[in-house]
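The values are calculated or read from the model by the stated rules, or taken from the named source; none is laboratory data. Computed from a prediction, not measured in an experiment: that's the story for all the values here. Cβ placement follows ideal geometry from the backbone for every residue including glycine, while neighbour counts extend to all protein chains displayed.
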């Protein structure tokens, strides 16, 4: 896979607070949905029977603007760094209607085996990630 991976999101009622603004925790849900879609595109099938999986080791997020109920958003995702057993995915969530950048984030993810122990990332997954760019 080359280039930035994109994933569309429409903000739902259960994702907003009493003011109609997306609750900060929901952005992690959007990142997760986009990541599952990306890994599927790279050939990794999510599920409990996989030989390996990904867990979040750390997250750095910056909130830049608010998203609201029924906003159409796009999660842009790319790979900032690949290692033997860890990757850093870069995210940017934008609202195309006005080009607002809602949030940016870097998530460090660790590959683990079926017992939860760190393991080497599959070569084909690492190669696909290395070919990606990083969102603006």
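Details
- Scanning region 83-102 for residues being touching a strand residue (DSSP E or B) at 6+ places or on another chain (Cβ under 9 Å) and part of a loop (DSSP other than H, G, I, E, B) gives a total of 4.
- Qualifying residue in region 51-59 (condition: part of a loop (DSSP other than H, G, I, E, B), within 30 Å of residue 120 (Cα to Cα) and free of Cβ contacts under 8 Å to residues at least 12 places away in the same chain): no
- Looking at 80, 33, just one residue is outside any strand (DSSP E or B), in contact (Cβ under 8 Å) with a residue 12 or more places away in the chain and under 24 Å from residue 128 (Cα atoms), and that residue is 33.
- Taken over region 103-131, residues that are in a helix (DSSP H, G or I) and without any contact (Cβ under 8 Å) to a residue 12 or more places away in the chain amount to 2.
- The set of residues in region 42-69 that are exposed (fewer than 15 other Cβ atoms within 10 Å of the Cβ), within 19 Å of residue 5 (Cβ to Cβ) and modelled with pLDDT under 90 comprises 43, 45, 46.
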